[in-house]
Amino acid sequence: MSVKALLVPEKLPRHVAIIMDGNGRWARKRGNARVFGHRNGVKAVREVTEAAAELGMGYLTLYAFSTENWSRPKNEVDALMALLVSTIASETQTLMKNNVQLRSIGCLDSLPSKVKAELDTCIKQTANNTGLTLILALSYSSRWEITQGVKRLAEDVKNGRLEISAINDQVFSSYLETREVPDPELLIRTSGEFRISNFLLWQIAYAELYFSDILWPDFRKEHFYEALLDFQKRERRFGKTSDQLILKK
Ligand code: IPE
Ligand code: IPE
Ligand code: MG
C-alpha cells in the first residue's frame with residue numbers, strides 16, 4: 001500500500017517547511033560539478049509542491065538560498081541565480097495548473113534584478129490562485145528577518161504607533177516576513193544533516209522536526225508522505241502532560 005493511503009487527512013499539517021539540502025553531494029557522488037545537483041533538485045521541488053497541493057495543504061515553505069549562501073564561490077552563486085530565473089519562468093504554468101500561489105521571504109533587494117523581476121512576475125500571475133501557498137525563502141536567514149523586524153518595531157514605538165506594553169509574541173510575529181502565515185507544524189531537512197542553519201528560528205518554536213538521509217535531488221512524493229506519516233504519529237504536547245491530552249479526547 002502506498003504511504004499516501006495511510007495518511008489521515010484531518011491530521012495533516014497546515015504548513016510544512018523544508019530545508020532542501022544535499023545537492024552538492026548528490027552531484028559529487030556522480031563525479032559532476034555541484035551545479036549539476038542544483039539543476040537536478042528542481043524535480044524534487046516540483047514533486048513536493050505537487051504532493052502538497054494534491055493533499056490540500058495550506059502552506060509549503062522551501063529554503064532555496066540562505067543569506068550565508070552568498071559566501072559560496074561566485075560561479076556557484078551565479079549558476080543558482082540563473083537556475084532560479086529559468087525555473088520560475090518554466091514552472092509558472094504548472095503553478096497555475098495546480099492552483100498554487102507563489103510568495104517569497106528574504107532580503108529580495110539583494111537578489112540580481114533578473115531574479116527579482118521573474119519572481120515578481122510569477123507572484124503577480126499566481127496571486128489569485130486559491131490552493132497551496134508556496135513560499136520560497138531566498139536570500140533568507142532567520143537572524144536577518146528578526147533583526148529587520150526589531151528595527152521596524154522600534155521605529156513604530158519611537159513614532160508612537162506602538163505601546164511597549166502592547167508587545168507580545170503575536171505582535172512581534174506581525175513584524176516578521178511570515179506575517180499572515182501560520183507557523184510550520186513540521187520542518188523537514190534532507191541529506192542527513194541535523195541542524196537548522198538559520199531557518200525560521202522564531203516560527204519553529206513548536207514544530208516537529210524530521211530529518212531524512214535522502215539527498216534533495218532524490219527526494220520524491222513518497223519520501224514526503226513518509227515524513228507526513230511520521231508527523232501524524234507524534235504526540236504534540238505543547239508543554240502539557242500526555243494524560244491531559246488523552247482526557248481532552
Ligand atoms: C542545498 O544543497 C542547496 C543550497 C543550499 C542552495 P547544497 O548545495 O548545500 O548541497 P551540499 O549540502 O553541499 O551537498
Ligand atoms: C541550508 O543549507 C540552506 C539552504 C538549504 C538553502 P546549507 O547547505 O547552506 O547549510 P549548512 O551550511 O550546511 O549549514
Ligand atoms: Mg548543504
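For this structure, a couple of remarks:
- Every helix of 4 or more DSSP H residues in the chain counts as -39500 (n - 2.57), and over all residues that averages to -14000 deg cm²/dmol at 222 nm.
- Mean Kyte hydropathy of -0.5 or more with a Cα span along the axis of at least 27 Å, helices from DSSP in the chain: 34-54, 74-97
- Computed E for K158/S2 - FRET, C-beta separation, R0 41 angstrom, nearest 0.05: 0.15
- Amide hydrogen proximity for S141: with H placed 1.01 Å from N in the peptide plane, the residues at 5 or more positions away or on another chain lying under 5 Å are T67, C107.
- Exposed loop sites here mean chymotrypsin sites (Phe, Trp or Tyr not before Pro) with a DSSP loop assignment and at most 11 other beta-carbon atoms within 10 Å; the chain contains its longest site-free run at 1-193.
- Considering only alpha-carbon pairs that sit under 8 angstrom and 6 or more positions apart, the relative contact order computed for the chain is 29 percent.
- Considering only S141, S113, S104, the mean-square fluctuation computed in a Gaussian network model of the chain, springs between alpha carbons under 10 angstrom, is largest for S113.
- Prolate/oblate/rounded label for the stretch 1-128 (Cα gyration tensor, a/c 1.5): oblate
- Solvent-accessible area per residue in the chain equals 52 Å², computed with a 1.4 angstrom probe and all protein chains kept.
- Note on the chain: Kirkwood radius taken over Cα pairs, Stokes-Einstein applied at 10 °C and 1.306 mPa s, translational D equal to 82 µm² s⁻¹.
- Cα Rg over Rh - the stretch 83-150, Kirkwood: 1.01
- Order of exposure, largest accessible area first, which applies to K116, K151 with probe 1.4 Å: K151, K116
The values are calculated or read from the model by the stated rules, or taken from the named source; none is laboratory data. Here the structure is a predicted model, which is why all the values come from computation and not from measurement. Quick reminder, even Gly has a Cβ in these numbers, built from the backbone with ideal geometry, and neighbours come from all protein chains shown. Side chains included, ligands, DNA and RNA excluded: accessible areas come from the protein's heavy atoms. Shrake-Rupley method; radii C 1.70, N 1.55, O 1.52, S 1.80 Å.
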